[in-house]
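This report refers to the structure that appears directly beneath it.
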Amino acid sequence: MRGSTGKPLLCLSNRAARKLFLDRHGLGRPPEGEDLTGLIERLGFVQIDSIATVERAHHMILASRRRSYRPGQLDDLLERRRALFEHWTHDASVIPMSFYPHWRLRFCRDAEMLRARWEKWRGVEFEERFDEVLERIREGGPVMARELGGNRRRDASAWWDWHPSKTALEFLWRTGALAIDRREGFQKVFDLADRVIPASVRAAVPDERETLAWACASALDRLGFASAREIAAFWDTATLDEARSWCAARDTGELVEVAVEGARLGEVRHLFAHPDVCERAERVPEPPGGVRVLSPFDPLLRDRKRAEWLFGFRYRIEIYVPEKKREYGYYVFPLLEGDQLVGRIDMRRREGRLCVRALWPERGVRLGKGRLERIGRELARIARFCGCDGPVFENGWIRESRE
């Protein structure tokens, strides 16, 4: 097989690709032992989400990779040790503090984008609050949006129910003047960035070229193999054109084109990778055979199209789908076993118990005694993790697989 340049292509089988991708995402090894800071650096970021049908997404993501993890450990890294900071990638996330200097480009670009967008939706009133908000925090210390008050817009057609001071807070955070000091009841507490971000970190000022090179290279390291579009989307910092330019500039041999097999027969994509990608895949150990419950916001599934192509697993979050139109349920958790996504499960914490409503195996997956025992052990672990009794299974909880 030959690539776009006419040179012979490296080929990566689907199984080898799955193993490498799982390893890059911290799921290719037993879920114990790795230092929490090192784990988050391996992932790059951990998405934050407020929904807690069982436990919040960021805690579920880390607990699936580190059995000893407890939520207070993340708070310690964020709020006391300042080893992490909270900001945006494709969504709100916790990010290693060592990456903060590269968010300076994000702050600059977000300022232009948000000002144009929010002026259109909110008018200019929020910009008039910048000095007032900064002075309030400078003199009075960290604040939550509700402490600033302000008149809310009651017009049903209004964009978000944010008063101007709340909008100013969010803008100043997104553009780097403020940082999140901590959360209380999941509400953000804002402070001056100079009082949250360590001085040694703030002293580093990479230029645009350095940040874009870092963003593209670090994205490919975590993806293992990727298109320019996937590289750009990983941090959502480089544009597609910038990612394409970075890939083209690596034509000297730093990158190669590789043919990667998808889960379905005949689905092959030509992607960028490091020249030793096949050797890297061969060195990856076999993933552990136990079952893991994944968060709907797990990094493995963040790019839904990539997950479907690589694992043959079509997954959609149905939070905003009317109940009668949902295919599975409000908040359904994928199940990973070895290097395969074998099913999905609808469960929630209710009155101190972990209640399992339904389990759908993927097509071709048999729920034999051994697999059900492995699922049961994982559900018991989840119950312990979130402080519940159980699991408790509803009648008819095992469902038929769907197309």
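Summary table below
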| quantity | calculated |
| --- | --- |
| Solvent exposure ordering (accessible area, 1.4 Å, most first) of K188, K305 | K305, K188 |
| Gaussian network model of the chain, Cα within-10 Å springs - most flexible of E327, E41, E261 | E327 |
| Shape call, segment 303-397: gyration tensor on alpha carbons, a/c limit 1.5 | oblate |
| Residue among G141, G289, G338 with the largest mean-square fluctuation in a Gaussian network model of the chain, springs linking Cα atoms under 10 Å | G141 |
| Shape category assigned to segment 346-403 from the gyration tensor of Cα positions, a/c cut at 1.5 | prolate |
| Residues whose placed amide H lies under 5 Å from that of G28, excluding near-sequence neighbours | D23 |
| Which of R344, R384, R29, R222 is most accessible, then next, and so on - probe 1.4 Å | R384, R29, R222, R344 |
| Rounded accessible area of R371 (nearest 10 Å², 1.4 Å probe) | 50 |
| Extension reserve of the M144-L265 stretch, reckoned as 0.36 nm per residue once the Cα distance is removed | 38.3 nm |
| J(HN,Hα) series, segment 384-398, from Karplus relation 6.51 cos²θ - 1.76 cosθ + 1.60, nearest Hz, glycine and proline x | 5, 4, 9, x, 10, 7, x, x, 10, 9, 6, 4, x, 5, 8 |
| Geometric extent, Cα atoms of the chain - Rg, Dmax (angstrom) | 22.7, 66 |
| Distance (nanometres) between label positions extended 7 Å along Cα→Cβ at I51 and A116 | 3.2 |
| Whole-angstrom gap from segment 13-27 to segment 322-391, using each part's C-alpha centre | 23 |
| Pairwise FRET efficiency - D389 versus F130, Cβ, R0 = 45 Å, nearest 0.05 | 0.35 |
| Alpha-carbon Rg with Dmax, taken over segment 1-107, Å | 17.2, 54 |
| Which listed pairs, of K19/K369; K19/K325; K188/K305; K19/K305; K166/K324, have C-alpha distances above 28 Å, in listed order | K19/K325; K188/K305; K166/K324 |
| Heavy-atom surface of segment 197-306, accessible at 1.4 Å and reported per residue (Å²) | 47 |
| Gaussian network model of the chain, springs between alpha carbon atoms under 10 Å - residue of K324, K369, K166 with greatest fluctuation | K324 |
| Under Karplus coefficients 6.51, -1.76 and 1.60, residue-wise ³J(HN,Hα) of segment 35-52 in Hz, glycine/proline x | 4, 5, 4, x, 4, 5, 5, 4, 6, x, 6, 10, 5, 9, 8, 7, 5, 9 |
| Within the accessible area of segment 1-133 (1.4 Å probe), percent carbon and sulfur | 48 |
| Segment 29-55 residues near the modelled R67 label - backbone nitrogen below 11 Å, point 7 Å along Cα→Cβ | 30-33 |
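The values are calculated or read from the model by the stated rules, or taken from the named source; none is laboratory data. Just so it is clear, the model here is predicted, and its values are computed rather than measured. Positions of Cβ are backbone-derived with ideal geometry, glycine not excepted, and every protein chain shown enters the neighbour counts. Keep in mind that these areas ignore ligands, DNA and RNA; they rest on the heavy atoms of the full protein, side chains included. Shrake-Rupley method; radii C 1.70, N 1.55, O 1.52, S 1.80 Å.
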